[in-house]
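Following: one structure in structure tokens, then a few remarks.
Every number in this text was worked out from the coordinates using simple rules, so none of it is lab data. On a predicted model such as this, the values are computed, not experimentally measured, just so you know. All Cβ positions, even for glycine, are placed from backbone atoms using ideal geometry, and neighbour counts span all protein chains on display.
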Amino acid sequence: MDKLNKVIDYIEANLDAEISLDYIARLAGTNKDALQRIFVFLTRFSIHDYIRRRRLSKAYEDLRNTHLKVLDIAVRYGYSSTAAFSHAFKREFNLSPLEARKARRKIKIFPKLLFQGQVQPSGGLEAEIVHFPTKTLYGFEVTCKDYGGELYKIRRLYDKLREEGYYKKWEASERYGIFYSNLEHCYFVGTETKEKGLTAFRLAGGKYAVFHLDSRQQKEILKLENWIYKQWLPVTNFKASNNINFELYRPGGVDLYFSIR
């Protein structure tokens, strides 16, 4: 967990500056998509939510401990106006910045995280190294600005797949599941079979380490991915590449294709 704690230390030292997700992903030794998934798995909220809540908590401390103007505090923590800052602050603490400055009651602020312990799958898992060809997949895609909303949309999407018969049909062949980021949180589910009305998705080929998991639960998949970054990569000559990782579902389990270089 040392690398994740380095990420947290960097975020803490730069709450009043621009924070690059690409940079903190490099600090963690991974790419930004995987870092976000690991972070959500361990904390149940996104990196962006963590940074936002820590900035608002520091703003609260400044309101109580300094004589800085509200506008100066808003600008310090990345808000372009007092209106935008006040809206975010009230949503977080249920009172305005001016009320927080005057209030004497306690307010629960969001603390700095500390990662402890290890997260790993049970048993010894081996990887198969393969060269995966570029493929065009066909299916459905959902997008959302926040991770929690995306999970809700994914559940609704799978309900739709079952109702319309796609789920059963794809179970007989190969079903792909792909999480990725493109300004928003995105998820694609589909197959190689082209059908009218389905969205096309280009999956770039390359070198992949394939891990076989006898479970389909998302928490187990995230646990496996975290184990790959923290324990498998450090003892191999491979590094994570910028290609998208993906899940290929099979009866009774899933194969995680982890992009490497």
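Quick notes
- Residues 10, 60 arranged by fewest to most Cβ contacts within 10 Å: 10, 60
- Least to most buried among 82, 136 (fewest other Cβ within 10 Å first): 136, 82
- Whether segment 2-102 is rounded, prolate or oblate, judged on the alpha carbon gyration tensor where a/c under 1.5 counts as rounded: prolate
- Remark: relative contact order (the chain) = 20 percent; criterion is Cα-Cα distance under 8 angstrom and separation of 6 or more residues.
- Of the peptides 88-96, 30-38, the ranking by mean beta-carbon count within 10 Å, highest at the top, reads 30-38, 88-96.
- Per-residue Cβ neighbour counts within 10 Å put 67, 212 in the sequence 67, 212, beginning with the fewest.
- Where only alpha carbons of the chain are counted, the Rg and the Dmax (Å): 21.3, 66
- Rg and Dmax [Cα atoms of segment 127-259; Å; Rg one decimal, Dmax integer]: 14.9, 46
- Residue-averaged 222 nm ellipticity for the chain, from DSSP H runs of 4+ at -39500 (n - 2.57), nearest 500: -12500 deg cm²/dmol
- Between the C-alpha center of segment 64-93 and that of segment 173-216 there is a gap of 41 Å.
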